[in-house]
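K.L.:
Let me begin by handing over the structure; questions about it come next.
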Amino acid sequence: MLMILLSSTMNAQVERQYINYFYVKGEVCLPVRVKHSGGEFYVYKNGERHDGYLSYIEAWDCEGRHIVSPTLSNDGYSTDKTKPIIRNYIFEYLYPNDNDDESSSSAPEMTTTQRAVVGVGSAIGQGVKSIWGGTGYAAEGYPNFQIGTGASRAYGEFARAKLCLGDEMGFAMFGGIGKEYLLDSDNKDCTSWHIGIGCYFIFDSLNDEDSDLTLGLTYAETPLQSGKILMLDGTYSIFFTRSKRFGVFGGCGIGVGKVNELMKDWGYSWSEVGPNFIWDLNVGISIKLWTE
């Protein structure tokens, strides 16, 4: 009878939906590694949601410090089994260092290089957020380094590298080299190249941390015409699979050609130089070689 009662209780716990929200306060830093009865996961932002029944949890912060058991509260608890149980976990206190040698050794800790990269990226991200605004959470998968290949009207068929430094917003720099084979542009025999800098954004309102929108200013040699061009590009990237390392991107841009001639003599008028406006569409695939 006891075994039947215990089995019924466990089944009820499993069948009923549990919704868990996680927050950090005080000296605890994100991301937080959470170990529980069914495995482990990471909390990257305040208010992040993870569903499922948690019989126990143990956690470490971004520096590998062991976190004291969190404050737990039930929000909107109901005896109605058709309604979910909502729990709020708040990580606020750390164990003293001298008592935590064994526990902290089991938690992953960032290397000096990783901390430096994340630190630089976060500082740049803060600068971007000061201009554009933002919630300031640490986004999963950012910063990162990507490589990809694609096809573009302005850049030909190209290979590209892209570096994103920051969290939900940050600094982006990219560059690539290519050749035109699909089209028959005036300058198709040239080896095309492009370099650019800008910023990227993650849309928290869409709850989408597997994609980003990058806006950048690009200087390039194009197969469309001789001379350099200056482009304002927008590229949307989205990543798939469980690891979120493999993805696709698509973008567009608008710019102006004959940039060197325009800069050579500021006495030229636009009509004398004959600047021509250029547009671009591009698609491709990308892989994250490194991600935080």
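The values are calculated or read from the model by the stated rules, or taken from the named source; none is laboratory data. Fair warning: this is a prediction, and the values are worked out from it, not measured in the lab. Methodologically, a virtual Cβ is constructed for each residue, glycine included, from the backbone with ideal geometry; neighbour enumeration extends over all protein chains shown.
K.L.:
Which of the residues belonging to segment 151-170 are over 14 Å from Leu224 (Cβ atoms), assigned to a strand (DSSP E or B) and touching a Ser or Thr at 6+ places or on another chain (Cβ under 7 Å)?
P.N.:
Within segment 151-170, Ala159, Gly166 qualify.
K.L.:
Only one residue in Asn74, Asn97, Asn46 is surrounded by 14 or more Cβ atoms within 10 Å (Cβ to Cβ) and either at pLDDT 55 or above or in the same structural domain as Asp212 (by TED's automatic domain parsing) (or both), so which one is that?
P.N.:
Just a single option satisfies the conditions, and that option is Asn46.
K.L.:
Additional query: Being of a type in the set (Ser, Thr, Tyr) and over 12 Å from Phe91 (Cα atoms) is the filter; apply it to segment 49-71 and report the residue that is modelled with the lowest pLDDT. Can you show your working first?
P.N.:
Initial filter on segment 49-71 (of a type in the set (Ser, Thr, Tyr)): 53, 55-56, 69, 71.
With the extra rule that they be over 12 Å from Phe91 (Cα atoms), the set shrinks to 53, 55-56.
On the way: Tyr53: 82, Ser55: 77, Tyr56: 80.
Here the answer is Ser55.
K.L.:
Output the residue which, of all residues in segment 210-232 that are surrounded by fewer than 22 Cβ atoms within 10 Å (Cβ to Cβ) and not in a strand (DSSP E or B), is modelled with the highest pLDDT.
P.N.:
Gln225
K.L.:
Residue by residue through segment 194-209, note down the ones that are modelled with pLDDT of 90 or more and of a type outside the set (Val, Ile, Thr).
P.N.:
Quick first cut of segment 194-209, residues modelled with pLDDT of 90 or more only: 194-200.
Across segment 194-209, the qualifying residues are His194, Gly196, Gly198, Cys199, Tyr200.
K.L.:
Right, next: Test each condition in (1) surrounded by 20 or more Cβ atoms within 10 Å (Cβ to Cβ); (2) in contact with an Asp or Glu (Cβ under 7 Å, 6 or more places away or on another chain); (3) under 20 Å from Phe246 (Cα atoms) for Ala151 and report the one that comes out false.
P.N.:
Result: Ala151 passes all but (1).
K.L.:
If you don't mind, another one. Condition first: among the small types (Gly, Ala, Ser) and either at pLDDT below 80 or farther than 14 Å from Gln225 by Cα (or both). Now tell me which residues in segment 240-278 satisfy that. Before the answer, list the steps.
P.N.:
If we filter segment 240-278 for residues that are among the small types (Gly, Ala, Ser), which is where we start, we get 243, 247, 250-251, 253, 255, 257, 267, 269, 271, 274.
Correct list: Ser243, Gly247, Gly250, Gly251, Gly253, Gly267, Ser269, Ser271, Gly274.
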